[in-house]
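Asks: Take a look at the following structure, please.
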């Protein structure tokens, strides 16, 4: 949807990165305001130190938060399966996505090819996690601008996804669902899983999106608060290493699912027996808060399309790969029914003799709801990583917060912050 940016929203940037409106006279009288961490629009532990000229933001200094979680350091103390409980708490709006990313990186390190059934199930849950994240982002972005009903429309379907996580893993929030070479368990009942997913993508989600779009797409208040606000162009988005909806809303045509296919994402590549899917990548060119909102809503629709293609094509067979029994936990029937299975389970879970990891380095990635999420692993042959580094989408995207806010009104900050969708646990690691 093309539109014209309001003239009064344009600004120039001087050599000190202080922004002003065209024709605006700087009074020289500044005052400092702390926006967050208690402000409702910052949601968690973010803090913006604003230098204001009247109601105009002359300078913005973002602080990354106060969680002091030490997520990356914990990767040196927990083995390759245990660490999944930590990564799911990084981008906690879609924990299952983090699980899939982490164990995809570990499997790259070990050279493990997961089974077709595991690929299909991971792809389904990866897309539902994307929906889960986007729903909260667009709902909270609307809520921060006063649209309480829109938030409820977006939030209700997320409960259905939590029900699915509870069904497949026994936990609603932090499912910790994946394992090296597979999953914590196969589906308890595939027929029930299919029904729950179909009800979600064919009924609950489409109805919620229709209601949500009907309320906001032509809402003059919402459009005036988001169009032309927090703009960033194509070249600048690339220069700042933005990814995901932040980049695609500025015209950057990049999606890891298309550019580097993995799991069941298709583009004329050998998927080793797993079903392949087709989908489109939504792109906008305006690069403002409204464009980022629209891109996320369109991505929800594409995720539903991907899930519909897979839900009746889940391959049979095991969810765990046993090509190298020393890497993957044996099935429970083998643990309880054979001495070999019991020994292997003991070595992987309770001793330091399992995990014959290579002395190597590897990087694994996933196209997440907020952009590229990746893990860089340095292995020294022990049962746990020597070092783990995260490529967190939110940290990279948040780096442009000062650039997006300077020159705008104080009242524009909730719209800009909401469109970035910063999850603080990915900032202070």
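Asks: Any idea how far apart residue 163 and residue 361 come out in nm if each label point goes 7 Å out from Cα toward Cβ?
Replies: So the label points at residue 163 and residue 361 sit 4.7 nm apart.
Asks: Right, something else. Please order 290, 66 by the number of other Cβ within 10 Å, starting at the fewest.
Replies: 66, 290
Asks: May I ask you to compute the full-extension gain from residue 210 to residue 155, defined as 0.36 nm times their residue separation minus their alpha-carbon distance, rounded to one decimal in nm?
Replies: 18.4 nm
Asks: Within the range 194-232, name every residue whose backbone N is under 19 Å away from a label modeled 7 Å from Cα of residue 399 along the Cβ vector.
Replies: Inside the label zone: 231-232.
Asks: Let me ask you something else. Give, as ranges by residue number, the residues of the range 146-165 whose backbone N falls under 19 Å from the point 7 Å along Cα→Cβ of residue 203.
Replies: Residues 153-165 qualify, since their backbone N sits under 19 Å from the label point.
Asks: Right, something else. List the equivalent ellipsoid semi-axes of the chain in whole Å, largest first, each obtained as the square root of 5λ for an eigenvalue λ of the Cα gyration tensor.
Replies: 41, 24, 18
Asks: Over the chain, what is the relative contact order in percent, taking alpha-carbon pairs closer than 8 angstrom and at least six residues apart?
Replies: 24
Asks: Calculate the spin-label point distance for residue 340 paired with residue 61, positioning each point 7 Å from the Cα along the beta-carbon direction, and give it in nanometres.
Replies: Simple spin-label model gives 6.4 nm for this pair.
Asks: Now for a separate question. For helix 95-110, report the angle its Cα long axis makes with the longest principal axis of the Cα atoms of the chain; keep it between 0 and 90° and round to the nearest 10°.
Replies: 60
Asks: With a 10 Å cut-off between alpha carbons and a GNM built on the chain, which of 347, 113, 367 moves the most?
Replies: Of the options given, 347 has the highest mean-square fluctuation.
Asks: Something else: Please determine, in degrees from 0 to 90 and to the nearest 10, the orientation of helix 116-144 with respect to the longest principal axis defined by the Cα atoms of the chain, where the helix direction is its Cα long axis.
Replies: Orientation of helix 116-144: about 20 degrees from the principal axis.
Asks: Taking a ≥ b ≥ c as the square roots of the eigenvalues of the Cα gyration tensor of the range 303-394, is the shape rounded (a/c under 1.5), prolate (a/b larger than b/c) or oblate?
Replies: oblate
Asks: I need the calculated FRET efficiency for the pair residue 185 and residue 238, taking r as the beta carbon distance and R₀ as 60 Å, to the nearest 0.05.
Replies: For R0 = 60 Å, the calculated efficiency reads 0.90.
Asks: Between residue 387 and residue 68, take the C-beta separation as r, use R0 = 22 Å, and let me know the FRET efficiency to the nearest 0.05.
Replies: 0.70
Asks: Between helix 289-310 and the chain, what is the angle of the helix's C-alpha long axis to the longest principal axis, kept within 0 to 90° and rounded to the nearest 10?
Replies: Orientation of helix 289-310: about 20 degrees from the principal axis.
Values in this text are rule-based calculations from the coordinates and carry no lab data. Just so it is clear, the structure is predicted and the values come from calculations on it, not from any experiment. Note that each Cβ is placed from the backbone with ideal geometry, even for glycine, and that neighbours are counted across all protein chains shown.
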